[in-house]
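In what follows, a single structure is set out as structure tokens and then discussed.
Rule-based calculations on the coordinates, nothing more; no lab input. What you see is a predicted model, and the numbers here were worked out from it, not measured in a lab. Neighbour counts are summed over all protein chains in view; Cβ atoms, including those assigned to glycine, are modelled from backbone coordinates with ideal geometry.
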Amino acid sequence: MLLRINGMIALLLIASMVSAQIINIDKIDTLDYIKKAQWSMNIASGLEVDKQQITLFDASTFADASLQKMHELFIFSASNRFTYNGPEDVLNTGYFHLRWRHDYKEQLHPESYVQYQWDNKRGMVHRFVTGANLRYNFWHHKMWEMTFATGLMYENEEWDYTAVDSNKIPAVSPNIHTSLLKSNSYMKWEGKLSSSSNIAIGLFYQAAFQHFLLPRIALNVNLDMDISKHFAIGFKYGGIYDVEPVVPIHKFYYTLSNNLIYKL
């Protein structure tokens, strides 16, 4: 039985890595630093609703892992979403994300990150992001945490016209490439609704300096409820409002998902 469970975990993790927007593995942690390395991992799979030009229903897989040792915290996250319908893929989207937080138990500390993602039905061929923030955490009786962070990021994107209405596609429509230095700020609140449930809400503001009032704004809500020692049910909402999209797609985009989570 243990071998079968380990096999299922491995398959889920491989699926999320071979076919992979904001990560929620950070957790309230006010204990002392420890010398021994500590690993944690969550694997989730579930159903998802997506809205762009049409509403789609499909399955998704998420994997989050973290390594804590002394004053360092490393976070890896990956996601895979793919729906196949006959000879063509309806949806293929995902990401890989790696984050490093130094002195992560201090109220004020630095963090750096790198991320690669894609979303073919929105027209995002790829998006590469790397950057660094200065992060401030405020804890309240180990029950909830408020986080503020701001910093710089480099963003490189390639978009096509897959999700653009036909009457808006120019006669000559090559892929559009962008490379920008942007500000990246976010605010996050995480707390316990009960002894077995946790909620996290994050609001992100990303904008180029020369167009600071034309941002991408993202709202993410994650709710997890434990049903046993190793299993939980999770609900995710992710919404993005892009004031000035690279290609003329809808400015607002959202995803909804519910997942069965396995915690190692």
Quiz item: Between residue 112 and residue 227, what is the label-to-label distance in nm when each label sits 7 Å out along the Cα-to-Cβ direction?
Solution: 4.1 nm
Exercise. Excluding residues fewer than 8 places away in the same chain, name every one of the lysines whose C-alpha is closer than 23 Å to that of residue 69.
Key: 27, 35, 36, 105, 142, 263
Quiz item: What's log10 of I(q)/I(0) for segment 218-264 at q = 0.18, 0.24, 0.27, 0.31 Å⁻¹, Debye sum over Cα points only, no solvent?
Solution: -0.62, -0.81, -0.92, -1.05
Quiz item: Using the Karplus equation 6.51 cos²θ - 1.76 cosθ + 1.60 (θ = phi - 60°), what ³J(HN,Hα) coupling, rounded to whole Hz, does each residue of segment 63-77 give in order, writing x for Gly and Pro?
Solution: 9, 10, 9, 9, 10, 10, 8, 6, 9, 10, 10, 10, 10, 10, 9
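With only alpha-carbon pairs counted, each pair once and no self-pairs, how large is the Kirkwood hydrodynamic radius of segment 61-208 in angstroms? All intermediate terms of the calculation are to be shown ahead of the outcome.
Numbers: mean 1/r = 0.0561 Å⁻¹.
Evaluated on segment 61-208, it is 17.8 Å.
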